[in-house]
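Reviewing the structure listed below.
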Amino acid sequence: MTRAVAALLRKDLQLELRTRESVPAMVLFSVSTFVLFRFALDRERLEGDLAAGVLWVTLLFASVLGINRLFVTEREQGGFDAFLLAPVDRTAMFVAKALLLFGFLSAVELVAVSVYSVLLLGPSPFQAFPGLPLVLALANAGVAVVGTLVGALAVQTRARDLIVPLLALPLLLPIVIAGAEATAPLLAEGGAEALPGRWLAILGLYDVVFGLIAYAVFDFLLED
Amino acid sequence: MYGRGLKPLSIASVAALVGAFALVFFYAPEDVDQGFIQKIFYLHVPLALVALGGFVTGGVYGVKHLRSGSREHDMKSYVAIHLSIILGVATLATGMIWAKASWGAWWVWDEPTLVAFLIVFLLYACYQPLRFAIEDPDRQMRYAAVFAVIAGAFVPICFMSVRFAQAALVHPRVLDQTGGGMPGSMFFTFLVALAGMTLLFVTLWKFELSSKSARMQLAALRRRLS
């Protein structure tokens, strides 16, 4: 299992390093969205609720881009068939793809949050440490699990790029709610306030529940 | 094969609904604060509860389909979700009328129950686009079942996180420990209305199932003839 996951992960990372398809697109998309928000809201600096909301909406839409691309090469280049022929547990595919998406999201956030704090964020981003990385990691885990499921569901349909946002946005809404509520006090003007613990608990619960469900149902999406 | 017992079931659900509305208008007392408009409660709440129950039923049959692979369970799951979406539209409509009458606005955002129901409804509204975007019938059934399971688990999580997000609770909580402090006559009327709505859901579900299975049998016979 571990070896299969490592092999799949290595293959996907190599593919991303050579084609540079997903992460640069997600980063560019996030930066353009920040610029859009600057003009759409007509504010030069954001803080508190608004800063958290803009950050989470941008990250959510960027992750939809990543989810869209997650399984496309597998389907188009026959990766699914090769994987099903190999004598390994099918959950390996799920774990590898979820880890890959988690990595992509973390890389995107590293750049996007830095750009955000230069372009739009009023208070210093350093006041949000170490709460912000913690919230982002918990949210990334949830997005990775649900995104892998949605990506696998949608890749076999006729209208993949329509189905992914339609399914992912409502499913990921609890993450946006909890993420925005948890980050808003961290980005408050004039020093961070305490990190609200119950939102971390909600994020953790979401991760656990959907992790278990994904573990239970993912195999059926590969059956053929 | 789903046609058995349809007639008594239909009669029972008509009787229960007529009885419930008779109780609503002639027996249940008028609410002191809200007056007559409060009677929409006996329609709105059963609609919402039966719709949510139908979504969960769809998830349960989705699990059964994944375990057995039988077409029958997939159809039961599909029809349950399909009907619940229709009931969901009715819930949102009656809820908005009630909100306008008693809170003065068609939509209130600081209301966790409304917001959560809307999100759940939006998610399930994607069930049919997803299902009919898949051509292969076996895969269609399997993927729809996976969606039904994921969405069924999403329902409680969504209600919980939205409820936590807003501290203020204006929406009446009907199903807390004591029946929401309603007088007994109101609670009795509500229970009859809920039973009537559940019977109506089951009747429609069986009608739709028997029509679908009859259509499939007909298609199979036609194929054999030609």
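The values are calculated or read from the model by the stated rules, or taken from the named source; none is laboratory data. Not measured: the values here are computed from a predicted model. Here the Cβ positions follow ideal geometry from the backbone for every residue, glycine too, while neighbour counts run over all protein chains shown. Quick note on the areas: whole protein, heavy atoms, side chains included, nothing else; ligands and nucleic acids left out. Shrake-Rupley method; radii C 1.70, N 1.55, O 1.52, S 1.80 Å.
Within the stretch B:119-129, none of the residues are within 8 Å of another protein chain (Cβ to nearest Cβ), assigned to a helix (DSSP H, G or I) and closer than 14 Å to B:S77 by Cα. Restricting attention to the stretch A:154-176, the residues that are more than 8 Å from every other protein chain (Cβ to nearest Cβ) and open to solvent by less than 10 Å² (accessible area, probe 1.4 Å) total 5. When we screen A:I67, A:I163 for residues that are within 18 Å of A:L13 (Cα to Cα), in a helix (DSSP H, G or I) and in contact with a helix residue (DSSP H, G or I) (Cβ under 7 Å, 6 or more places away or on another chain), the only hit is A:I67. Within the stretch A:177-206, being in a helix (DSSP H, G or I), more than 10 Å from chain B (Cβ to nearest Cβ) and either in contact with a Gly (Cβ under 7 Å, 6 or more places away or on another chain) or open to solvent by less than 30 Å² (accessible area, probe 1.4 Å) (or both) holds for A:G179, A:A182, A:T183, A:A184, A:P185, A:L186, A:L187, A:G204.
Residues that are open to solvent by less than 20 Å² (accessible area, probe 1.4 Å) and more than 27 Å from A:L166 (Cα to Cα) do occur in the stretch A:29-51, at least one of them. Residues being within 25 Å of A:V72 (Cβ to Cβ), among the charged types (D, E, K, R) and free of Cβ contacts under 8 Å to residues at least 40 places away in the same chain are entirely absent from the stretch A:184-196.
Yes or no, residue by residue, for (1) of a type outside the set (A, V, I, L, M); (2) at pLDDT below 85:
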site: A:Q156; (1), (2): yes, no
site: A:L162; (1), (2): no, no
site: A:T183; (1), (2): yes, no
site: A:G190; (1), (2): yes, yes
site: A:P196; (1), (2): yes, yes
site: A:L203; (1), (2): no, no
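In the set (1) open to solvent by less than 10 Å² (accessible area, probe 1.4 Å); (2) among the hydrophobic types (A, V, I, L, M, F, W, C); (3) more than 7 Å from chain B (Cβ to nearest Cβ), A:V217 fails one condition alone, (3). Applying the condition of being of a type outside the set (D, E) and open to solvent by less than 10 Å² (accessible area, probe 1.4 Å) to the stretch B:99-118 and asking which residue is nearest to B:V155 (Cα to Cα) yields B:A116.
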